[in-house]
Structures are given as structure tokens and as C-alpha cells.
There are 2 protein chains.
Amino acid sequence: MSSLKPTIGVFDSGFGGLTVLRALLPLIPDARYIYLGDTARLPYGSKSHETIARYAVSSAKFLHEQGADLLVIACNTATALAFEDIQRALPIPVIGVVEPGAQAALAAAESTPNQVLVLATTATVQSRAYTQALNALNLEATEKACPLLVPLVEEGWINHPVTDEVLKIYLTEALAQAPATNTLLLGCTHYPLLEPAIRRTLTSMQHPLTIIDAAKATARAVASHLGLPSQSPDLNATGPQCTFYATDSVEKFQFLGSNFLGQAVAKVNLIDLGG
Amino acid sequence: MSSLKPTIGVFDSGFGGLTVLRALLPLIPDARYIYLGDTARLPYGSKSHETIARYAVSSAKFLHEQGADLLVIACNTATALAFEDIQRALPIPVIGVVEPGAQAALAAAESTPNQVLVLATTATVQSRAYTQALNALNLEATEKACPLLVPLVEEGWINHPVTDEVLKIYLTEALAQAPATNTLLLGCTHYPLLEPAIRRTLTSMQHPLTIIDAAKATARAVASHLGLPSQSPDLNATGPQCTFYATDSVEKFQFLGSNFLGQAVAKVNLIDLGG
């Protein structure tokens, strides 16, 4: 890494991308961070390719204008549907969450062939981006759309019998389709908050799986891109400089965002990207 | 009503407003209808006042530009948070769903004082628009935000044990706060699709309530505004002329919309309102 601090732009439709920022902070403490949550236009996961690409490109351009010299698409839906559009629109390196997630699934593979189940939004599943990325690594893939999981997380029901029941329904349907599954990839940045509920549900179903969290894998991909040595996260690092932007209520961003970031979210700036 | 056919603009953030259009069609078959679902920017119910007002005004202006000479805000959140903004922005009469819903609750009142429970989105509840409208009619009001109900309807789980369980949780919390409740007002256009589930849940809780659907009350208010005599709906009317617009995927609008409209949704036109 050059002696100049990199400015890393991190973008998500809402709060979920803060789980990626959370993984980045201890791994690359010597950077500036600019985070944008496009909260006025969320969710992306239920919308069309054209709409998602339009929103994602305008958000990415905003972060570039603010000085980002590396962009992290910390949103599975935007990565799955708009990675190439964003890459074409920006003159800086772009890193998404799909490729690092697929690589982490490969690293976790204990047997060959490995069978990966991806839980994601409807739009991500329809894009088949994860299937393509996993197949390219010779991994078998099944994708399952889980549209109720984001609302359940946002309702705060992360340890709740209703959430366990919904997870059991989704996982039972998916595993009936792919019974040889041994790896579970959380293909939405909201889902790591449900990891305890997912583990509990899989135990009750007597079908344990290796769980891959694309957020941590993405943070490692960013460090690698910057030429940083493979190292343990510096958990004692003093907080790097983070600037937060949102397109809707800054109060809600601060309130909900802290759950995803794992620490208080400092001042949030309201911006208007049109719409 | 004049001999000229009125052109009625009907606006919602998505598909829910089609339940209002569904009530309008047999009641006022002799009208032209233009429906706009602002699907690229939905949901409104979890967003801020400023964002909702901005989206709702631009949507209402579009319908006026298409020739609407009467606007129906077929969305509780947009009515609760942006009724006055829309009224100021348009030179045509504007009818929302809150006032007709409150009037219908009054008409249904069997005892005095009457206690009404309103189920609605977070933004609608925070606006306290229903409480104000009901209090003005000397009705007691409690409001309960139910953020999971729209996602459950959109998942298609309208008769599903998980939905019954979620309804039981929401209704138990609300009725613990207002045990004298005797009337339930469905303050979101998605909720009429859950009416059988709500009745079933209330029966299991041994707490029957009179259920008010603001969609039908709004259709009657529109007929009354147009000076139409109070009459039974003409269920044999040949279909009035309806033109549909959406800001996101027209295929999804046609597919999901038919559940709300109760009949197939004809050709949908994709428009861009920015954002």
C-alpha cells in the first residue's frame, strides 16, 4: 500500500453494508471510509434489473465524487445486478461481494464436489450471479430467495420464534431441492445478523452446514487488492475516519445502523440523489 | 355528475391501491381511470416524512399531467404524510383514504364511546393522522405499526400459519394496550387481503371486532364527491377504461397486481419519475 491513506467508498441500499464496513475497520484501520446507504430507495432486492442498476450507478458515482479511490459494493443485490454497470461508470477499482463470497465457499470446501446453498434476495437469485461465480470454481450451487428475512431483521426479530419458523420453511424447501448441501452462503448483508438463528434452525433440522459470511471475505479481498499483508484484524485499532451519508432519515440510519456496525454510528449526512 | 366522463387518477406506492380501484370500478363504472404504482420507490411506509412527500407529490403531478380531474390517494402512508402537500401541488380535488376510513368507523360505531384500533405502517402510525381524524369524530383511537404484514402479503402467505402467528403477536400487543377496542380499521391497502386471517386470529383470541376496510369507504367518498346517488355497485358493468402506469417492472406489476385488483391487469406502461 502506498504511504497515502486510501479512501474506501462503501455502498449499500441501506444498513446491511455496515456489516462489511465492520469487517473492514479492524482489517484496514489505516484508511478513510465513506459509507452511503441509499435508504430513500431501498430495498433493491425486490426491484428490476434496470431500476437497481440506475440506483446503484448514481450511488457509486456519488462516492467517487466524494473522493473514493476504491469502491466496495457492500450489497449483494447491487453486486449481482449492477457490478459491470458500476465498473463501466467509474474510473476506480470496484470490488463486490459475490466473487469474494464464492472464493470463501471454495476455501471452506471439505469435499469434492462441494454443494453450496445461497440464501439471498429475489433479485439476486433471479440474476444467477452466485451460481455463475460458484460454478466457475467447480462448486455446485442452489439459490433460495428469502424475501421475509430482511423485514424480520428490520423488525428486530433476530432471536424470535417466528423468524426460526420462517427460516425452517425456507431451509426445508431449499434442502429438499439440494439434499447434499454442505455449505451455506449468506448472500445478503442483512443475514449475518441471523447467523445464531440459522445455526439453531439447522441444528433442529439435524442438517449442520458450514456458514460463509461474504462480508468478512469481502473485507479480506479489499485488503488483498491494496497489497496489505495477510494479517489478523487489529481489534485495538483506534477508530478510522468514517463519514456516513444516507438518502432518507438520518435518525433512523443512526438508530438501526449501530446494530449492523456493532458500534455507534457517528453523524450522518442527508443527501438527495433525486427520485 | 356531468355528462362528461370524469378521469379519476388513482395513486399508490405499489399494488395495494388496486384494492381501492377494485372498489371504485363497480361503484363508478362510467369513468376513465389512470392508476400509478410508484413501484421503483416503494415501500413508503418505512421512510421519512420528507421522502414520502417528495415521492407522493411527483406521482400525483404525473397523474394530473395525464389528464386526471380528480385524484384519489389510494395509499394510507401517502395520505397520512402528504395529503396537504399533494393538495397544495394540484389544482384538482384530492381524496385520501384516512378521512373516509374514519367516517366508516364512525358509521359502524355501536356504542359510545367507541374504541378503534388502527393497524398501519410505521410511517402512518408515527404521523398520528388516523388518531387525529378519529378523535375529531369523538372516537377513541389506538394505532399499531405492523411492518411485517406487507412483506407477508407480498410473499403470498395470506393464509399461512406464520402470518396468523405474526397477527396474533401484533393484535395481542395492541389489545393489551386498548382492551376496550371494538372496531378494527385496516389502515394499509395491503391489509384487506389478510381479512380472513385477521378474522381467524381474532376468533382464536376470543376478541371479535368489527372490521373496517378504508378502500370501500374511499370509493363511496369518491362517488359522493362526484354527486352520484348512493347506489349498489353495478357488478355487471362492463369494464371501465383503465390505464396502468408503474415505475418498476411491468411484469411484476401485472403478476402481483391481479391479486389486489381481483381481475387481470391489462397492459402496464413503464414510466421514469427520476431517482
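The values are calculated or read from the model by the stated rules, or taken from the named source; none is laboratory data. Owing to the predicted nature of the structure, the values given are computational and were not obtained by experimental measurement. Cβ placement follows ideal geometry from the backbone for every residue including glycine, while neighbour counts extend to all protein chains displayed.
A few notes on this one:
- Odd one out for residue A:123, checked against (1) away from chain B (no Cβ under 14 Å); (2) of a type in the set (A, V, I, L, M); (3) under 17 Å from the mean Cα position of the chain (by Cα): (1)
- Count of segment A:37-79 residues which are away from chain B (no Cβ under 12 Å) and either basic (Lys, Arg) or within 15 Å of the chain's Cα centre (by Cα) (or both): 12
- Yes/no for residue B:129 being in contact with a Gly (Cβ under 8 Å, 6 or more places away or on another chain), hydrophobic (A, V, I, L, M, F, W, C), without any contact (Cβ under 8 Å) to a residue 60 or more places away in the chain and away from chain A (no Cβ under 11 Å): no
- Qualifying residue in segment A:7-16 (condition: out of contact with any Leu (no Cβ under 7 Å at 6 or more places or on another chain) and part of a strand (DSSP E or B)): yes
- Residue A:95 within 18 Å of residue A:16 (Cα to Cα) and more than 15 Å from the chain's Cα centre (by Cα): no
- Every condition in (1) crowded, with 22+ Cβ neighbours inside 10 Å; (2) in contact (Cβ under 8 Å) with a residue 40 or more places away in the chain; (3) assigned to a helix (DSSP H, G or I) is met by residue B:58 except one, and the failing one is (1).
- Number of the condition not met by residue A:86 [criteria: (1) free of Cβ contacts under 8 Å to residues at least 60 places away in the same chain; (2) in a loop (DSSP other than H, G, I, E, B); (3) in contact with a Gly (Cβ under 9 Å, 6 or more places away or on another chain)]: (2)
- Remark: pairs (first residue in segment B:173-198, in the same structural domain as residue B:260 (by TED's automatic domain parsing); second residue crowded, with 19+ Cβ neighbours inside 10 Å; Cβ separation under 7 Å; 6+ apart in sequence or on different chains) are absent.
- Sole residue being in contact with a strand residue (DSSP E or B) (Cβ under 7 Å, 6 or more places away or on another chain) and over 30 Å from residue A:66 (Cα atoms), chosen from A:159, A:182: A:182
- The residue that is surrounded by the most Cβ atoms within 10 Å (Cβ to Cβ), counting only those in segment B:201-223 that are in a helix (DSSP H, G or I) and among the hydroxyl-bearing types (Ser, Thr, Tyr), is B:218.
- Taking the listed residues A:213, A:234, the one that is modelled with pLDDT under 95, within 18 Å of the chain's Cα centre (by Cα) and acidic (Asp, Glu) is A:213, with no other qualifying.
- Summed over segment B:118-148, residues that are surrounded by fewer than 21 Cβ atoms within 10 Å (Cβ to Cβ), in a loop (DSSP other than H, G, I, E, B) and polar (S, T, N, Q) total 1.
- Given (1) crowded, with 17+ Cβ neighbours inside 10 Å; (2) in the same structural domain as residue B:210 (by TED's automatic domain parsing), index of the condition residue B:107 fails: (1)
- Residue check, residue A:151 part of a loop (DSSP other than H, G, I, E, B), closer than 25 Å to residue B:121 by Cβ and at pLDDT 95 or above: no
- All positions within segment B:49-90 that are under 16 Å from residue B:8 (Cα atoms) and not hydrophobic (A, V, I, L, M, F, W, C): B:59, B:61, B:64, B:65, B:66, B:67, B:69, B:87
- Some residue of segment B:3-24 being without any contact (Cβ under 8 Å) to a residue 24 or more places away in the chain and polar (S, T, N, Q): yes
- For residue A:120, the requirement of being among the aliphatic types (A, V, I, L, M) and under 30 Å from residue B:160 (Cα atoms) is met.
Residues are listed down the side, and each one gets a yes or a no for (1) touching a Lys or Arg at 6+ places or on another chain (Cβ under 8 Å); (2) closer than 20 Å to residue B:98 by Cβ; (3) more than 10 Å from chain A (Cβ to nearest Cβ):
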residue	(1), (2), (3)
B:137	no, yes, yes
B:141	no, yes, yes
B:148	no, no, no
B:153	no, no, yes
B:160	no, no, no
B:164	yes, no, yes
B:167	no, no, yes
B:174	yes, yes, yes
B:179	no, no, yes
